[in-house]
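The values are calculated or read from the model by the stated rules, or taken from the named source; none is laboratory data. If you're wondering where the values come from, they're calculated on a predicted model, not measured in any experiment. Glycine gets a Cβ as well: all are built from the backbone with ideal geometry, and neighbour counts include every protein chain shown.
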Amino acid sequence: MNVALELRGLSKSFYKKQSSAGFFRSELVEHRAVDNVSICVPERKIVGLVGESGSGKSTVGLMAMRLLEPTSGDIVLNGTDISKLSPKELKPHRAQMQIIFQDSYSSLNPMMTLWEIVAEPFVIHKMHDANTRRNKAKELLDIVGLGAAFANRYPHELSGGQRQRVSIARALALKPKVLIADEPTSALDVSVKAQVINLLHDLQEEMGLSILFISHELSVVRSLVDEIVVMHRGRVVEQAQTEQIFQNAQHPYTKSLLDSIPVLNPHNRRRRTFVSANELTANKPRLPKAQFVLANNPNLAQVEDHHFVDASPLEGATS
Amino acid sequence: MALIEIENLSVNFSSPDGQVQAVRDVSLALEEGQSLGIVGESGSGKSVSLMALLRLLPEQSATINANKLMLDGVNMLACPRQELAKVRGKVASLVFQDPMASFDPLFKIGDQLTETVLTHFDVSSSEALIRVEKMLDRVEMPDSKRVINSYPHQLSGGMLQRAMIAMALVCEPKVLIADEPTTALDVTVQAQILQLIGDLQQETGMGLIMITHDLGVVAETVDNIVVMYGGKVMEQTSVFDLFDTPRHPYSKALLESIPGQLPGKRKLKEIPGQSPNPLSPPAGCPFHFRCENADQSCIDQMPPLTRWDQTNATACLKVAS
């Protein structure tokens, strides 16, 4: 299986000044937002990256795009390590990988018409003449289900779901291999959410895209992705194929995430017991003897085919 | 006597583009101690209906018409401004989606909660503080002593929402109106807050109105449901009937479009098209142009809300026939 995007041991530290050392002396306190994360997005597959806010999942997405510089680690896009490239060298590779964000309102320029927005990637990459750009933009608007009639409208005239379609059209303009989707459906209404999920589903099949789908909505992830990576406090705690996670989750954090999905059956109301973050770290899964440990992340132990769980001893936990 | 009685409520907003018909001929009721979920997409009029009941809409732009707008025996249409303040908070309290925007960033949480008590009860400020502390314990606020002396920005979203619920309940209202109380929160925190609201409702016997677009939320918290679409009531039913035997095509379509119900990667059943424009709502049933069963008769007339029994009513010609 060919790999479209591989993240190897990505870490990101943010530093915060703390002046506790004295009036003129301040220390830098390190906060590891992302800690040695390795994710593999195979060609023509959708990988879901899930976790709560603050788990570092969006930071991973931004680093993969090199919109944020990793503290350490490599980003390999279609076999090329792009993590050390200069901005000039990076530009042709950027066309291969595009991103869509949660808030379609702030990610579309309100001064531009929709076709100008969708055609902007052509301008930046100096492709096509003006006429072709406009025609290609109209085609793209058509592909995402808006129709060329929308070409001369402005973002404020659209609903949230329609704006998200424009973001998707723009991301597809350069025919990328890899798409990073950062919570693209979280801000949408129920009936529109299904429309956008289906659109991504179709586009992935038709255009052969590989997608890293970042989301906190496990129900959405279940319908759309092939494989799930669960992040907690900057680390990968479990990764497996979608149904393995839903039917055989091992890590207590994954279990608590699954348990918090509302049950769509009023006959089955139940009381939940909530585990605190400290309990989570104390009650690490007791794993059967790991048959195999991932080379690029020795903390992850294999429990079944394609299914890896974080088994590292944690700080503070006695073992 | 019903706690809340709304009959034939319509709300229009004047805007530069014309009249926005946010709520059209909505009737609903809540008995004491009952829980009611109002389900709908954004723009369906679910929040505006309850805001109109509490007279929280801007008077310059909003026109409210109703045959009846009663809250605990008070006619809210004729209620003078000074009286309104007594009803809000004491009889009915609100919890909003965004707790960060609901608190004043310049005052400590404790001060904002005691202010509510002092407004409604003739007690000393030390007595008020005791009540606030008790209430914070009841909403299971971790570290409540620290929270009282904290400013809103120092707390997490989940803690703020707990404080918001404490503030809403500190005057022991007869009904709690929760408007998307968990939408802005993290998944695990969402489940905790829902469980908390459910527990408090059981303990205090207060009425509960849960306004949400999330069917999972109502499945876990309420007894009865009103489904709204395009400013109108589409279906009234019990939570069991909604999930077991939904009658209205819109309710059915909503249930079917929820992702993740079945294992495996699959396409979802989507509702084509978009919600109607409230500036010029379509003739007839507002759902007709997205509905599989619609025909000419659905365009010619708005289906009346047909009552089946005590709890069930549907506004659909195709269900009636």
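Look at the range B:233-287 and say how many of its residues are touching a helix residue (DSSP H, G or I) at 6+ places or on another chain (Cβ under 8 Å), polar (S, T, N, Q), outside any loop (DSSP other than H, G, I, E, B) and facing chain A (nearest Cβ under 10 Å).
Total satisfying the criteria: 0.
Kindly establish whether B:G230 is crowded, with 21+ Cβ neighbours inside 10 Å and in contact (Cβ under 8 Å) with a residue 40 or more places away in the chain.
yes
Just to be sure, is B:E7 more than 14 Å from the chain's Cα centre (by Cα), more than 20 Å from B:L169 (Cβ to Cβ) and loosely packed, with under 15 Cβ neighbours inside 10 Å?
yes
Could you check the range B:38-70 and list, in sequence order, the residues that are in contact with a Lys or Arg (Cβ under 9 Å, 6 or more places away or on another chain) and either farther than 30 Å from B:V117 by Cβ or crowded, with 16+ Cβ neighbours inside 10 Å (or both)?
First, pick out the residues of the range B:38-70 that are in contact with a Lys or Arg (Cβ under 9 Å, 6 or more places away or on another chain): B:38-40, B:44-45, B:54-56, B:64, B:69.
Selection gives B:I38, B:V39, B:G40, B:S44, B:G45, B:L54, B:R55, B:I64, B:L69.
Across the range B:36-48, which residue is nearest to B:A253 (Cα to Cα) among those that are at pLDDT 95 or above and of a type outside the set (V, I, T)?
Only one residue fits best here, namely B:G37.
Please give the number of the condition A:N131 fails out of (1) within 17 Å of the chain's Cα centre (by Cα); (2) surrounded by fewer than 15 Cβ atoms within 10 Å (Cβ to Cβ).
So A:N131 meets the others, but not (1).
Would you mind finding the one in B:K252, B:K267 that is within 25 Å of the chain's Cα centre (by Cα) and among the charged types (D, E, K, R)?
Of the residues listed, the single one that is within 25 Å of the chain's Cα centre (by Cα) and among the charged types (D, E, K, R) is B:K252.
So which helices (runs of 4 or more DSSP H) are wholly in the range B:70-125 and hold at least 1 residues that are on the phi > 0 side of the Ramachandran plot and touching a residue at least 60 places away in the same chain (Cβ under 8 Å)?
B:81-90
Only residues that are under 20 Å from the mean Cα position of the chain (by Cα) and either at pLDDT 90 or above or among the acidic types (D, E) (or both): list them for the range A:155-172, please.
Result: A:R163, A:Q164, A:R165, A:V166, A:S167, A:I168, A:A169, A:R170, A:A171, A:L172.
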